[in-house]
Amino acid sequence: MKSRNLQGKAAPDTHMLTIVGLMVLALVIMAVLQPGDYFTLRNVRSMIFQFPEYGILAFGMMVCMIAGGIDLSLVGIMNFTGVLAAMIVTKMTANGSDLSMAVPAIILAVIVALAVGGCCGAFNGFIIGYFNIPAMLVTLCGLQLYTGLAYGITGGPAINGMCDAFKNIANGTVAGIPYVLFIYILAVAVVAFVMKSTVFGHEIYFLGSNAKASRYSGINTLKVTVMTHMFSGILGGVSGILITSHLNSAKSSNGSTYTLLTLLIVVLGGVHPDGGKGRVMGVALATILLQLITNAFGLMHMDDNAKTFVNGCLLVAALLLDAYLDKRALKKKSE
Amino acid sequence: MSEEVFLKLEGVKKSFGGVHALRGVDLEIRKGEIHCLAGENGCGKSTLIKAISGVHNPDEGSIWIDGEKVENMKPMDAINRGIQVIYQDFAVFPNLTVAENIALNGELKNKTKFVNWKQIHEVAEKAMAQVGADIDPDVKLERLSVANKQMVAICRAIINDAKLLILDEPTTALTAREVDKLWDIIRSLKAKGIAIMIVNHKLDEIYRIADRLTILRNGTYISSGDISEYDQERFTRDMTGKDITEEKYMPEPGSEEVLRVEHLSRKGAFENVSFSLHKGDVLGITGLLGSGRGEIGEALFGLSPADSGKIVLNGKEISIKSVSDAMANEIGYVPEDRLTQGLFMQRSIQDNTIAASIRQYMKHGRLDKKGMEDTTNYWIKELGIKAPSPKPAVRTLSGGNAQKVVIAKWLNTHPKLFILDGPTVGVDVGAKAEIHSILHDLAKKGIGIIIISDDLPELVQNCNKILVMKEGKVSGMMDNSIDERTLGNMLVGSSDRGGEKA
């Protein structure tokens, strides 16, 4: 028992178990309350259509938070890149009528969205790292900045009329399975690989654990900060494509609740707000847990505010649980 | 001096996460005496202070204050009983004025809800008059010198009817003149019947001020008595647990030059520093705080690069403008503050060990986890780090083992020049000797070793060359035939002259 504790792995595992436990609890409650509607293929599919767009945003939030910062600008990046992508697709396919241009238009839109997302993030990261301004302030400004840019392009009304191929990205299925599930799984795999098996990933953890010691260990902290936010921005770009395709509409104010939602997910997923701690699987599980709850509330036709309240309770519970586990781990060690 | 006991500790024990900081300490402080608490770094002095001031409650043992046994003491209880601690950093508020710093604590203690500015000034001025301090009460603390900040801290302590004043290493950052003034104040407080406990491990200072002495080693009480009962031999033996077997480091005289530094300067930190290091040499750099000793190390490692001068490493002139330059030239650096600068406390031994050399492990597009683990196991064995595996977080290790991890981090980069600022601060005696022998072995292999320290016995014992810094300039280059006393006097004496000039 003691040696397992010393390995420092017991605590995060407990956290993961808690999330899985909560998921089971949600499923059981729904099995009792709404057995007919909840456990249908249709409902599962409808859930899968919904969570990847903010699930991928949550990974952006996660990497920044592990690096000891935060990224509040993700929704801004998502809408800015979404608007750009929508513009490219509608212009090149003449509002969805010229289908011959659909594939090149989509490819260009995706490349532009990811590149612009990366640039927005890199800009955030540079301001944070070079001028030493807290990430919270910089990315909050970033949120306004990129939302404003998106608004400037659309001039207010949403861009609609994308070609079917583009709409299919987030709404299509293969053998009954939504494409977005594969996109999400790919995103999980990429983020997990970066965090676990690359120098960059380890440097993110180092930076978040102790920025000063990172510098004293020869880690280029400015570079890592810029790259972390760039990574987050690219993930924001992916979400931009997904939400635009999903809603068949791009405007500056889509998904405005996602900033707080992604924060909730990463903290629930065991990412420590002080940085240096957090796992991809935890965040993925937390995303799914929240989707289960949201869906349950939807099916029961309950008030949206009640959902907000439950989410709040969950977050407080997660924070208390973490504090308790930390304390218990410390106590165990001193015994 | 009365024989009446103010504070008595018996068999006090305290451990943190498996590390026994105190293993049974007895202590007796009488009213109106100046009592020195001595012991090497890491002997548990700070923990003991925290136990007395109610920050930590002892696991075992008992504490009597003024003849009354106290249990579960909180910091506020200790203050109410007249115990005041002045920590090394003085715990003053730099953004508040002198008067606010002195008087606000009292306001808090009396649970006043509103601030009476007139009273604050009166209280502050009264306190300053008592210790003979002459500081403008409206100046912000951050603008004061170290000595004056300390004065403010003392004033703040005594306004609350202090009966016991504890000073944690009060002289480390002071010039000789300021030390004299401090001792005058201490003696005047003693005359008022206040008991004073000073944590110090500098023998010459202890002789000048203390009435009685208690020595701790490795968290254990060793001895206690009148200062007259201690001569230097007993003092050293009680402190270190060794009969004075000062084996000084004596390398074979090497001819190969490892490092040459010429006319290195950085504005506001140091100027015109030149020295050289041959194969086998261990160079010590010492000086008072602010003398530029630490800044030389920071310049060589590129943290705050030098403005001008020449650095020649292994016969090649190099330019160091950043940490990456220093690492590209195979320079390693153990920073002064292990906790904030040297280690990632929450991360595993393995993460810490490979932190500076992680790029070596990138193989076929991914990190070689097995390689990282093997390396960590190698260093755990090689340096004798007491840990069951590479997995535990570094915060679970004792000071000595944690410091070995910092050393492992740099040895894994295979440095040609290894700079260590305070390599054994907060390290227990056994690990200290081990770290020293590791450094000697490295030096023999031709790696340039520079030890920056204010621990004079450490320097004399381990360095065959000692560079003394004074106000940013080199004031002498000694070999290790010099004894600690003379070296100490050199530091103190030199700053004395500086004081007179000003």
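The values are calculated or read from the model by the stated rules, or taken from the named source; none is laboratory data. Just so it is clear, the structure is predicted and the values come from calculations on it, not from any experiment. Methodologically, a virtual Cβ is constructed for each residue, glycine included, from the backbone with ideal geometry; neighbour enumeration extends over all protein chains shown.
Of everything in the range B:138-161, what is modelled with pLDDT under 85 and not in a helix (DSSP H, G or I)? Give them in sequence order.
Residues satisfying the conditions are B:L144, B:S145, B:I159, B:N160, B:D161.
List, please: which pairs have Cβ atoms under 6 Å, are six or more places apart or on different chains, and start with a residue in the range A:200-222 that is among the acidic types (D, E) and end with one that is not in a loop (DSSP other than H, G, I, E, B)?
Going by the 6 Å Cβ cut-off, the qualifying pairs are A:E203/A:V224.
Limited to the range B:270-297, what total is found for residues that are crowded, with 21+ Cβ neighbours inside 10 Å and either free of Cβ contacts under 8 Å to residues at least 24 places away in the same chain or part of a loop (DSSP other than H, G, I, E, B) (or both)?
Residues flagged as crowded, with 21+ Cβ neighbours inside 10 Å and either free of Cβ contacts under 8 Å to residues at least 24 places away in the same chain or part of a loop (DSSP other than H, G, I, E, B) (or both) within the range B:270-297 amount to 6.
Residues that are within 14 Å of another protein chain (Cβ to nearest Cβ) and either β-branched (V, I, T) or free of Cβ contacts under 8 Å to residues at least 60 places away in the same chain (or both): does the range A:125-133 have at least one?
Checked against the condition, which is being within 14 Å of another protein chain (Cβ to nearest Cβ) and either β-branched (V, I, T) or free of Cβ contacts under 8 Å to residues at least 60 places away in the same chain (or both), the range A:125-133 yields no hits at all.
For (1) over 24 Å from A:A158 (Cα atoms); (2) part of a helix (DSSP H, G or I); (3) not charged (D, E, K, R), each residue gets a yes or a no:
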{"site": "A:I204", "(1), (2), (3)": "yes, yes, yes"}
{"site": "A:G218", "(1), (2), (3)": "yes, no, yes"}
{"site": "A:H229", "(1), (2), (3)": "yes, yes, yes"}
{"site": "A:V238", "(1), (2), (3)": "no, yes, yes"}
{"site": "A:I241", "(1), (2), (3)": "no, yes, yes"}
{"site": "A:T259", "(1), (2), (3)": "no, yes, yes"}
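Go through (1) closer than 22 Å to A:G68 by Cα; (2) facing chain A (nearest Cβ under 9 Å); (3) not in a loop (DSSP other than H, G, I, E, B) and name the single condition B:A326 misses.
Just one mismatch for B:A326, condition (1).
Out of the range B:358-386, which residues are more than 9 Å from chain A (Cβ to nearest Cβ) and not in a helix (DSSP H, G or I)?
B:K363, B:H364, B:D368, B:L383, B:G384, B:I385, B:K386
I'd like the residue in the range A:185-217 that is small (G, A, S) and more than 7 Å from chain B (Cβ to nearest Cβ) and, out of all such residues, is nearest to A:D274 (Cα to Cα).
A:G208
Go through the range B:303-321 and give me each residue that's in a loop (DSSP other than H, G, I, E, B) and either more than 9 Å from chain A (Cβ to nearest Cβ) or surrounded by fewer than 15 Cβ atoms within 10 Å (Cβ to Cβ) (or both).
B:S304, B:P305, B:A306, B:D307, B:N314, B:G315, B:S319, B:I320, B:K321
Looking at the range B:285-302, which of the residues that are in contact with a strand residue (DSSP E or B) (Cβ under 8 Å, 6 or more places away or on another chain) and of a type in the set (A, V, I, L, M, F, W, C) is farthest from the other protein chains (Cβ to nearest Cβ)?
Checked the range B:285-302; the qualifying residue farthest from the other protein chains (Cβ to nearest Cβ) is B:L288.
Quick one: in the range B:419-441, which of the residues that are closer than 24 Å to B:G302 by Cα and crowded, with 19+ Cβ neighbours inside 10 Å is modelled with the lowest pLDDT? First the steps, then the outcome.
Taking the range B:419-441 and keeping what is closer than 24 Å to B:G302 by Cα, we get B:419-425, B:439.
Retained after the next criterion (residues that are crowded, with 19+ Cβ neighbours inside 10 Å): B:419-424, B:439.
Details: B:I419: 94, B:L420: 94, B:D421: 92, B:G422: 88, B:P423: 89, B:T424: 83, B:L439: 91.
Looking at residues that are closer than 24 Å to B:G302 by Cα and crowded, with 19+ Cβ neighbours inside 10 Å, I get B:T424.
Any idea how many residues of the range B:387-442 are away from chain A (no Cβ under 14 Å), at negative phi and part of a loop (DSSP other than H, G, I, E, B)?
Residues that pass the stated criteria total 6.
Which of the residues that make up the range B:337-356 are surrounded by fewer than 21 Cβ atoms within 10 Å (Cβ to Cβ) and more than 8 Å from chain A (Cβ to nearest Cβ)?
If the condition is that a residue be surrounded by fewer than 21 Cβ atoms within 10 Å (Cβ to Cβ) and more than 8 Å from chain A (Cβ to nearest Cβ), then B:D337, B:L339 are the ones that fit.
Of all the helices (runs of 4 or more DSSP H) wholly in the range B:25-111, which have at least 2 residues that are closer than 23 Å to B:I227 by Cβ and in the same structural domain as B:K14 (by TED's automatic domain parsing)?
Details: elements: B:45-52, B:75-80, B:98-109.
Per the criteria, B:45-52.
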